[in-house]
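Below: one structure, written as structure tokens.
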Amino acid sequence: MALTMSASLLLAACGGNDEGSGNKKSSGDAGADKEKLEEKVVIYSPHGKDILSKFEQQFESKYDVDVEWLDMGSQEVLDRIRSEKNNPQADIWWGAPSVNFDQAKDEGLLEPYEPSYSGNLAESFHDPDWHWSGTSQTPEVIMYNSKQLKKEDAPKDWDELLDPKWKDKIIIRYPLASGTMRTIFSAMIYRDFKDSNDPKAGYEWLKKLDANTKEYAANPEMMYNKVAKGEGVLSVWAMPDVVNLKENKNYPFEFIIPESGTPVLTEGIAKVKGAKHPKAAEAFYEFVNTPEAAKLLAEEFYRIPTRDDVKDLPKWITDTEIKPMDIDWKVFQKESDGWMKYWDENIKSGEKEIKE
């Protein structure tokens, strides 16, 4: 049965190369004294310049620490941290599906850190050894241009995207650089793979989607603009981003929650192993995950918090019905790279890939 988001998600136990300027802490010393913090902290994140700029300003105002951030896709963050393993440049990785963090943990890229609010996170919202913890939940949805398409005419479920009537009407964010898209594509494969242990049916599904796809956009902003202009009328993306674009930037977007179920990502945060500014990193980790920060992210940026002590959440969170897809995320962690490699080499129509 579909449950309201407050019941099924909140109590359950989920870029554009823009640049900006382990131990559990007690709540009393969370964030550390200003004198003990390093002069700066470096953040890698897919959260976008609006969120990153706001928390940059707030953190710098409170701690007099220079915040430097780099905005890129979740997979791009993982690849970059991996390449910098012997000389880490980032202190904090803020934002990506839990699968990406599990990969980084297995490769020895993350430093365990149990935050002061650990008691307010369900077990499913953090790594057992605290190499990462969940910050928000992200249901994936079908997005459509509401000026070009009526709600009753929009696809109601994943398989409806394969109808030939949508040929050249779908714009997809290039999946290999995006944790969101890798998750959606992997979920389409997993639906049959979980019983057959064979990705063939999922590959056939992606091949049919490719036939209907007009373009693979190099970054989210390019995808947003093309759908908004009517160059395509459909995409698949993260629900909080769709709501944010509609409410705050007046994009003509609406969304459909797939009837058969949808992946619900746990987005996380982690301290990078070998961080050059470890104290400032821990302070930032705590700062962006206070109840006040979680509520701000919910109200202004449509993020669904993982903490169980955030009060008076917006009505769109408590009233929206979601049917989470039953997913073994360990299978995703093991198989996703191979699935995406196969898609890139054997399914994707290369001429549809649009570079920046």
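The values are calculated or read from the model by the stated rules, or taken from the named source; none is laboratory data. Since we're looking at a predicted model, the values are computed, not measured. Reconstructed Cβ throughout: ideal geometry from the backbone, glycine too, with neighbour counts over all protein chains shown. Accessible surface areas use protein heavy atoms only, side chains included; no ligands, DNA or RNA. Shrake-Rupley method; radii C 1.70, N 1.55, O 1.52, S 1.80 Å.
The single condition from (1) outside any loop (DSSP other than H, G, I, E, B); (2) more than 30 Å from Glu68 (Cα to Cα); (3) open to solvent by 10 Å² or more (accessible area, probe 1.4 Å) that Ser235 fails is (3).
Identify, please: which residue in segment 275-307 is acidic (Asp, Glu) and more than 17 Å from Tyr117 (Cα to Cα) and is, among those, most open to solvent (accessible area, probe 1.4 Å)? Per the stated criteria, the residue is Glu299. Does Asn120 satisfy the condition of being over 29 Å from Met222 (Cα atoms), open to solvent by 50 Å² or more (accessible area, probe 1.4 Å) and not charged (D, E, K, R)? It is false that Asn120 is over 29 Å from Met222 (Cα atoms), open to solvent by 50 Å² or more (accessible area, probe 1.4 Å) and not charged (D, E, K, R). In the set Val272, Val236, Val264, Val243, only one residue is within 19 Å of the chain's Cα centre (by Cα), of a type outside the set (Ser, Thr, Tyr) and under 20 Å from Glu38 (Cα atoms); that residue is Val272. Could you check segment 197-230 and list, in sequence order, the residues that are in a loop (DSSP other than H, G, I, E, B) and either touching a Gly at 6+ places or on another chain (Cβ under 6 Å) or surrounded by 15 or more Cβ atoms within 10 Å (Cβ to Cβ) (or both)? Listed by number, the residues that qualify are Pro199, Ala218, Asn219. Considering segment 308-356, the residues that are within 16 Å of Tyr203 (Cα to Cα) and basic (Lys, Arg) include one that is most open to solvent (accessible area, probe 1.4 Å), namely Lys341.
For Ser45, are the conditions met, namely being under 22 Å from Ala294 (Cα atoms), open to solvent by 10 Å² or more (accessible area, probe 1.4 Å) and modelled with pLDDT of 95 or more? Don't jump to the end; show me each part of the working.
Values: under 22 Å from Ala294 (Cα atoms): yes; open to solvent by 10 Å² or more (accessible area, probe 1.4 Å): no; modelled with pLDDT of 95 or more: yes.
Against the criterion (under 22 Å from Ala294 (Cα atoms), open to solvent by 10 Å² or more (accessible area, probe 1.4 Å) and modelled with pLDDT of 95 or more), Ser45 does not qualify.
Comparison of Pro112, Pro139 shows that the only residue that is of a type outside the set (Phe, Trp, Tyr) and out of contact with any His (no Cβ under 6 Å at 6 or more places or on another chain) is Pro139.
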